[in-house]
């Protein structure tokens, strides 16, 4: 379990949180997207690429690739995998998505190509086509630049380059009107939104490319909290209400938690305090 004191200001060392590394499948009539990729089959090798002091015990479930195959998902529907950013625990599962394009903006491509924390990404992205999307100078919910994936407002990507220089928030609106914000590692736990607090100073110094920018973007998400469900990538409880992938949930306009794998760690590192317990989306 990860101690709350390492995840957000004011958290207690006695408060242990469950963290997860997940993928979410957004289904749309014009083609589907995976938001992040969870852990892959080669997660042990990926962790071995990290500095020794940041490695941790972990538990695994089914990879996103295995789960898609288990329900007979037609991979031809998948437009690509859209990482909220390129840190290893968001891209590890790309190792099982051969032939699937990786959607990434120019800011994050540069970061992933040169930063030490992009090592796993550089490994798993070999052989993949990179679909580089750009941002319009069109404000969206306070974010200065955004990209409307389908042109219908159902999936809008906003640039939020604080955690990494090309980090994004993916806003999803379902036909029912239900709205989500997949905020990646803008905060590691929903407490960062509800308590209006950042990461502890040292953790932010280690983890964030631009803490000042992150602070501004955190404020923007806090401002829209009542309008939608906010989903920090590592906050397991924030996924409540998103159905696990199954044959029954297949179909257009669906939002599905496709994968869930996790690990345990008690002290911080440059990427993030990694996750804690395992639940598998089967």
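Structural remarks
- Tallying residues that are at pLDDT below 95, in a loop (DSSP other than H, G, I, E, B) and either in contact with a helix residue (DSSP H, G or I) (Cβ under 9 Å, 6 or more places away or on another chain) or surrounded by 13 or more Cβ atoms within 10 Å (Cβ to Cβ) (or both) within the range 106-137 yields 1.
- Test: residue in the range 145-163 that is more than 23 Å from residue 32 (Cβ to Cβ) and more than 17 Å from the chain's Cα centre (by Cα): yes
- Some residue of the range 255-276 being at pLDDT 50 or above, farther than 13 Å from residue 20 by Cβ and in contact with a strand residue (DSSP E or B) (Cβ under 9 Å, 6 or more places away or on another chain): yes
- When residue 170 is tested against (1) within 17 Å of the chain's Cα centre (by Cα); (2) under 13 Å from residue 143 (Cα atoms); (3) part of a helix (DSSP H, G or I), just one condition goes unmet, and that condition is (3).
- Within the range 221-241, if we keep just the residues that are part of a helix (DSSP H, G or I) and surrounded by 19 or more Cβ atoms within 10 Å (Cβ to Cβ), the residue that is modelled with the highest pLDDT turns out to be 221.
- The residue of the range 181-204 that is farthest from the chain's Cα centre (by Cα), among those that are more than 16 Å from residue 223 (Cβ to Cβ) and part of a strand (DSSP E or B), is 182.
- Among (1) crowded, with 21+ Cβ neighbours inside 10 Å; (2) farther than 21 Å from residue 234 by Cα - the single one residue 67 does not satisfy: (2)
- Boolean, residue 162 is touching a helix residue (DSSP H, G or I) at 6+ places or on another chain (Cβ under 6 Å), in a helix (DSSP H, G or I), crowded, with 20+ Cβ neighbours inside 10 Å and touching a residue at least 40 places away in the same chain (Cβ under 8 Å): no
- Residue in the range 26-48 that is under 20 Å from residue 205 (Cβ atoms), modelled with pLDDT under 95 and buried (at least 19 other Cβ atoms within 10 Å of the Cβ) present: no
The values are calculated or read from the model by the stated rules, or taken from the named source; none is laboratory data. All figures in this text were calculated on a predicted structure; none of them were measured in a lab. Every residue, glycine as well, gets a Cβ built from its backbone with ideal geometry; the counts of neighbours run over all protein chains shown.
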